[in-house]
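Here's the structure, in structure tokens; my notes come after.
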Amino acid sequence: MNAPQSPLLSLPGAVAAEAPDEGVAAHYGELYREQRALASGEGFTDLSHRGVLTVTGDDRLSWLHLLLTQHVESLAPGIATEALVLSAHGHVEHALYLVDDGTTTWAHVEPGTQEALLAYLESMKFFYRVDLADRTADTAVVYLPAGSVVPAPEGVVVRETAYGRDLFLPRTDLKSFADRAGSPAGVLAYEALRVEAHRPRLGRETDHRTIPHEVGWIGSAVHLQKGCYRGQETVARVQNLGRPPRRLVFLHLDGSDVHLPPHGTPVRLASDGPEGRALGFVTTSARHHELGPIALALVKRNTDPEAQLLAGDTAAAQEVVVAP
């Protein structure tokens, strides 16, 4: 079930976002002001298009521990974490952003992925005492940036990280919360700060053959001291050999170009020109309020970290995110 369209799209200046963020606002008319507000700990971002799942039952954490890449068996209430579901070959299939409130494990996931994830989890229940629910229709995710002094409504589950707080808000309360939470910032502002922080996103920095090492999910979403989950053999092999086939890079793009290179734009060596052999592709590009046009890209592991690149026709200087 896809999330319904956000009521905040009716706010003044709201411009609807495009895929994969349909249903919420891309911006509210002032992109850079919205970014600056988030960066300084003000405002909020409507992420109510994201999928929400819950797991209840006495076995929920020990059961999730068997399926996910993260160590969650002893996850304490209120402690945020993130985890992946991998294929048998170690390719990333799902990314979950988790918190447990003492009785229920809450997770938000990429828009539109919750049904497939729920189906997989249901197929793995067996004799475990767990109950699963898709809460997307009644729960909206709202992001408050780090440093925000906006209080979470009483009884609302909060997932707090170094980047800010994710609130699992009743969808019926979204409009009233927005009225007292300060100025809204669209997902373009949120995404620009995500790119600046080098944080990967499923479906943007990943494709059907991405493994966790390539995009920097080791540590944050993959715990290397646990096993017995699907795809763990690939994780262990790459960790021991240290040779993932690709790596994530951060790009400073030439600011003279009017258009940003879209997702999937080929990345080449500048010395080879725009007709040269592709080394990878742009995953997410954004306009940053201080850095100008920036992007993340996935390139071949052996690409020279000092090489000047082209993202389509746009000159790009790279910064290492995942070491070669």
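The values are calculated or read from the model by the stated rules, or taken from the named source; none is laboratory data. Because the structure is predicted, anything quoted here is derived from the model rather than measured. Cβ placement follows ideal geometry from the backbone for every residue including glycine, while neighbour counts extend to all protein chains displayed. These accessible areas exclude ligands, DNA and RNA; they are computed on the full protein's heavy atoms, side chains included. Shrake-Rupley method; radii C 1.70, N 1.55, O 1.52, S 1.80 Å.
Worth a mention:
- Relative contact order, percent, the stretch 245-323 [alpha-carbon distance under 8 Å, six or more residues apart]: 43
- Accessible surface of the chain, 1.4 Å probe, proportion on carbon and sulfur as whole %: 52
- For the stretch 293-324 and the stretch 1-35, distance of Cα centres in Å: 30
- Pairwise centroid distance, computed over Cα atoms, of the stretch 232-279 with the stretch 148-189, Å: 34
- Helical mean residue ellipticity (222 nm; -39500 (n - 2.57) per DSSP H run of 4+; nearest 500) of the chain: -5000 deg cm²/dmol
- Residues of the stretch 187-206 with an amide N closer than 19 Å to a point placed 7 Å from the Cα of Ala16 along the Cα-to-Cβ direction: 187-189.
- Each Lys and Arg adds +1 at its Cβ and each Asp and Glu adds -1 at its Cβ; summed about the Cα centre, the stretch 1-152 shows a dipole of about 160 debye.
- Multiplying the residue separation of Glu275 and Gln239 by 0.36 nm and subtracting their alpha-carbon distance yields 9.5 nm.
- Separation of the Val149 and Glu115 label points, Cα + 7 Å toward Cβ, nm: 4.5
- Sequentially through the stretch 138-149, phi angles give Karplus couplings (6.51, -1.76, 1.60; θ = phi - 60°) of 10, 10, 10, 8, 10, 9, 10, x, 4, x, 5, 9 Hz, Gly and Pro residues having no value and appearing as x.
- What the chain shows is 43 Å² of accessible area per residue, with the surface traced by a 1.4 Å probe over protein heavy atoms.
- Distance in nm between pseudo-label sites at Val258 and Glu160 (7 Å out along the Cβ direction from Cα): 4.7
- Sequence ranges 184-194, 49-59, 230-240, 9-19, ranked by mean other-Cβ count within 10 angstrom, highest first: 184-194, 49-59, 230-240, 9-19
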